[in-house]
């Protein structure tokens, strides 16, 4: 009998351990005075600028709301998305999380695990840039409050180097190509750009080029599959430009294997005349460039291309990322989560972020002592016409295919026509 | 309760917890993965039965086939690179053919103590376009525009990774072989030496037969580890550029966690399991052949 009891005790012990190991979902906790929320933020802990900015924001929030505490977890890049997806699949999402307006965090938003923010946002929409308030769900839902409006294509230009080389900013693609030998002869890189991750070429260059070669009317029709396709001359022409630049050694050598950040380093160290990246790079340039350098760095867009149907000088823009809340939150906990979301993307957080190089989606005036780079980026965003960013209007898998094929095209394994054909077939079968 | 009933009850009670744990962490995930491989599912909503569509898509996808080719090269470098090299290094140290054998033992083993992610980042600093390799060649060749472009070649892009895998894991096998070599009775080798046996004869007639089992075991480790290799390659290149260095575990990860194609990810996972079982079964057949030969 003793042995049986021992065995039963062993079973209960193992069962107990398993139950304990299964844990329980973390939830917001409240007591009489303090509400504690779990938060998963998108922070690059290896970037001192990013971390410093985050700490300033957090401190300012706690001064305003001492009764709201956070249990914070940080993630960045792939690691962030993988963990967020795992949390979503396990039904253990935090109370507050960083979300994308498109498919990138679609598993959370499309599955109903993020709360629609419109009840809190009602009446405040006009305080944000128009593009920031575009619907994020099929019924007009707003799942995250955009922190900024993002221009994904900026051609940062070192005007002083251009002068020293006796060059002017080119008016056309052909003029830019003609500058290549002069710039290389001086031991410089014509266009600093890195594409090791694959997304950079699509997001920071191709998206803007597609508007140039096709124009918005065609761009909208091709996305809807309305008598237009990615096999059309307009899209192939945009791919041709990239191939043309690559074959003429205009980009950073080895760009398709370079880590993100190398091109920025080359530009900051004045080893490159032009630098193509997104407007978000101003955050880093504010800290990395000297005051003297800031005076001679211009924010421009790619010059005109042959047979251009789009708008001269256009870029690509997308509503930015921001914080959203778990759909389980109700009452005081949900209100507390909104306090953070509103703080971060609203007037107070926007003012702080603006000082550190962001161009907020919230409409605020530029302070007189704003950093010159912030002033330039604000002007750029306000004045530059824009088309769609491909990865904000098409799904992740389509982008995965296109980005890999773009790299293959540059490395000589595919022609622009083949890239266009494969992309169109995939989009037609899966997205329209 | 009779004695037989008592024994049966005891057996069930004692085995059940272990079986439940095994079922929860091994049987259920494999069975669920097998089920998912036949459905289209995005991680939420109701899975839609699609039969063999995921397998058909996977087997006709050039990226998967290139990843499979890369995986087989990783298996090749593990089985025909790490294991023979590890064995030779262990033998050299065991037979004291070099001085300061402890130093060499530590040096060869050292890479395995470093996290694969750190190893990948370190070697990436060497092989990247702005890395040490490029800088050295620029200095030696006097060509300031030289850039290491091995990764841009579809066929050869995996070579630097194979080299790092060989560098990193050989020490592990060396230590395993050395530990097993030290279990061979030294008197047998001494007797053979006194009887006039040459070094190749000692190796072929005494050492190798004693090591067949451990060589088989380590080969199984090498094959299964190679087929699921992910961390080092992901941290090194993320499978890029243009999927040139992709392996099937990265293909699975990308489809599951980037594109929310749980079905395709599961079918890739099943492919890894099937491939592992087939290769390990093949290895067992070969190992049995050698065992019979040396009996």
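FYI, it's all coordinate maths here, none of it is from the lab. Predicted, not measured: the structure shown is a model, and the values here were computed from it. FYI the Cβ positions are ideal-geometry reconstructions off the backbone, even for glycines, and counts take in every protein chain you see.
Observations
- In plain terms, the bigger the Kirkwood radius, the slower the diffusion; for chain A, with that radius from Cα pairs, at 37 °C and 0.692 mPa s, Stokes-Einstein puts D at 140 µm²/s.
- Rounded to two decimals, the Cα-based Rg/Rh of region A:94-160, with Kirkwood Rh, is 1.09.
- log10 of Debye I(q)/I(0), alpha-carbon scatterers only, for region B:188-295 at 0.14, 0.16, 0.21 Å⁻¹: -0.71, -0.80, -1.06
- Stokes-Einstein translational diffusion, region A:149-298 - Kirkwood Rh over all Cα pairs, 1.002 mPa s, 20 °C, in µm²/s: 132
- Residue of A:391, A:116, A:292 that the Gaussian network model of chain A assigns the largest fluctuation, springs spanning Cα pairs under 10 Å: A:292
- Rg ratio (alpha-carbon, reference 2.2 N^0.38 Å) - region B:1-128: 1.79
- Counting only other chain Cβ atoms within 10 Å of each residue's Cβ, the peptide A:403-412 averages 4.
- In the protein assembly as shown, helical runs assigned H by DSSP with n ≥ 4 each contribute -39500 (n - 2.57); averaged across all residues and rounded to the nearest 500, the mean residue ellipticity at 222 nm is -17000 deg cm²/dmol.
- 20 Å-binned pair-distance histogram of the protein assembly as shown (Cα, whole percent): 14, 42, 32, 11, 1, 0
- Distance between modelled label sites at residue A:290 and residue B:13, nm, 7 Å Cα→Cβ extension: 8.2
- Region B:236-295: relative contact order in percent, alpha carbon pairs under 8 Å with at least 6 residues between: 19
- Label-point separation, residue B:48 to residue A:33 (7 Å along Cα→Cβ), nm: 5.5
- Stretchable slack from residue A:130 to residue A:46, in nm (0.36 nm times residue separation minus alpha-carbon distance): 26.9 nm
- Cα-based helix-to-principal-axis angle, A:233-247 vs chain A, degrees rounded to 10: 80
- Relative to the longest principal axis of the Cα atoms of chain A, the long axis of helix A:77-90 lies at roughly 40 degrees.
- If both residues of a DSSP beta bridge must be in the protein assembly as shown, then about 60% of such bridges are antiparallel.
- Dmax and Rg, reported as Rg then Dmax, of region B:103-149 (C-alpha, Å): 14.2, 40
- Spin-label model distance (nm) - residue B:231 vs residue B:150, 7 Å beyond Cα toward Cβ: 2.3
- Highest GNM mean-square fluctuation among A:41, A:415, A:82, for chain A modelled with Cα contacts below 10 Å: A:82.
- Extension gain from residue B:220 to residue B:31, taking 0.36 nm per residue of separation minus the Cα-Cα distance: 65.8 nm
- In this structure, residue B:132 and residue B:21 have a Cβ-Cβ separation that, at R0 = 35 Å, corresponds to a calculated FRET efficiency of about 0.15.
- Among A:59, A:164, A:270, residue whose mean-square fluctuation peaks in a GNM of chain A (springs only between Cα atoms under 10 Å): A:164
- Taking every C-alpha pair closer than 8 Å and separated by at least 6 residues, the mean separation divided by the residue count of region A:47-171 gives a relative contact order of 17 percent.
- Note: region A:254-409, Cα convex hull, 171 Å³ per residue.
- Legend: mean number of C-beta atoms from other chains within 10 angstrom of residue C-beta atoms, peptide B:141-148, equals 2.
- For residue B:92 and residue B:1, the difference between the fully extended length at 0.36 nm per residue and the C-alpha to C-alpha distance is 26.5 nm.
- Protection-proxy order for peptides A:323-334, B:89-100, each taking the mean of Cβ atoms within 10 Å per residue, highest first: A:323-334, B:89-100
- Between residue A:169 and residue B:113, the FRET efficiency from the beta-carbon distance, with R0 = 45 Å, is close to 0.25.
- Average beta carbon contacts from partner chains per residue of B:237-247, 10 Å cutoff: 6
- For chain A, the longest principal axis of the alpha carbon atoms and the long axis of helix A:396-410 meet at an angle near 30°.
- Alpha-carbon Debye profile of region A:246-329, log10 I(q)/I(0) at 0.24 Å⁻¹: -1.33
- Across chain A, C-alpha contacts under 8 Å between residues 6 or more apart give a mean separation that, scaled by the residue count, equals a relative contact order of 24 percent.
- Start at zero, step by 10 Å, and the Cα-Cα distances of region A:339-432 spread as 14, 28, 20, 23, 15, 0 percent across the bins.
- Measuring spread by the Cα atoms of region B:54-188 yields a radius of gyration and Dmax of 19.2, 61 Å.
- Beta bridges by DSSP in chain A, antiparallel share as percent, to the nearest 5: 55
- Kirkwood radius for chain B, taken over all pairs of different Cα atoms as the inverse mean of 1/r, rounds to 22.6 Å.
- Cβ-Cβ distance of residue A:77 and residue B:140, R₀ of 51 Å, FRET efficiency by 1/(1 + (r/R0)^6): the value works out to about 0.90.
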